[in-house]
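The values are calculated or read from the model by the stated rules, or taken from the named source; none is laboratory data. All values derive from a computational prediction rather than experimental measurement. Cβ atoms come from the backbone with ideal geometry, glycine included; neighbour counts cover every protein chain shown. These area figures cover heavy atoms from the full protein model, side chains too; ligands, DNA and RNA do not enter into them. Shrake-Rupley method; radii C 1.70, N 1.55, O 1.52, S 1.80 Å.
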Amino acid sequence: MKRRLKSAGLWLLVLALAAGSMALPWMVCEAYDRELFAQPRTRPATDLALSAAARENGFVSQLYERQNLLGGWSEGWEPLAEEEADTAAENARETLLELMTLGNLPDGARQTVGEALTQSSRGQAWRDEMGFVRVRLGDVYLITEPVTGLPARLSIYGSVDAPADPMALLEEWRAKLGVDVLPDWEETETVQAGATELRSAQGRLRLQVCAAHETFLLEAASFS
């Protein structure tokens, strides 16, 4: 009887030691984790983050999100059905009429837009997965942002005359887009011929006007 009790006691001791040896690594890891997570952890800074003012601006934040999701303007377009295309074309005509009020828009661009507005053709329209809409009316292409409906890109083909004062045109357009609330706009050099550009680092946004290669371009786009 005593031998059996002694044997049982030995087995219990062995089991206890085995359990302790299994628990020891877990206890050590748990203690290490507590020490690690108790230390302050700083997130790495990134120059891609928008400022608070930029995040609150629907136009700026949508352009930034589209850039991250789809990249450049050549990506992600799907044609709209006939009824939706008609609505998009009518909205584009209204937007183009507003752009015609820009005092520094060159005469050639103004003339081509006027001709596109008088055409009776339906035009063509596309939409990307974020809701941006691209419309073609004659030789004019217009891309609008879905939250505010503001124009993000105007392309006019066959018009090569440059604005008399490109910077004044960009400042007009910046005010119309409502992005002049960003305080850090600066003119930036560009290697593209015939181009003038403004950039805001806080909004990761560039505004550009360019007249070259039989194309007039007025564009707002995010940059990385």
Would you mind telling me which numbered condition in (1) in contact (Cβ under 8 Å) with a residue 24 or more places away in the chain; (2) farther than 23 Å from Gly203 by Cα; (3) open to solvent by 90 Å² or more (accessible area, probe 1.4 Å) Glu94 fails? (1)
Answer yes if at least one residue in the range 75-93 is modelled with pLDDT under 95, within 22 Å of the chain's Cα centre (by Cα) and more than 14 Å from Thr144 (Cα to Cα), and no otherwise. yes
Name every residue in the range 125-136 that is in a loop (DSSP other than H, G, I, E, B) and touching a Ser or Thr at 6+ places or on another chain (Cβ under 8 Å), in order of residue number. Phe132
Working carefully through the options Glu83, Glu115, find the one that is in contact (Cβ under 8 Å) with a residue 12 or more places away in the chain, open to solvent by 40 Å² or more (accessible area, probe 1.4 Å), of a type outside the set (Phe, Trp, Tyr) and not in a strand (DSSP E or B). Glu115
Hey, which of the strands (runs of 3 or more DSSP E) in the range 137-224, taking only ones fully inside, have at least 2 residues that are in contact with a Leu (Cβ under 8 Å, 6 or more places away or on another chain) and surrounded by 15 or more Cβ atoms within 10 Å (Cβ to Cβ)? 140-144, 151-157, 195-200, 205-212, 215-222
Leu105: surrounded by 19 or more Cβ atoms within 10 Å (Cβ to Cβ) and either without any contact (Cβ under 8 Å) to a residue 40 or more places away in the chain or under 25 Å from Trp185 (Cα atoms) (or both), yes or no? yes
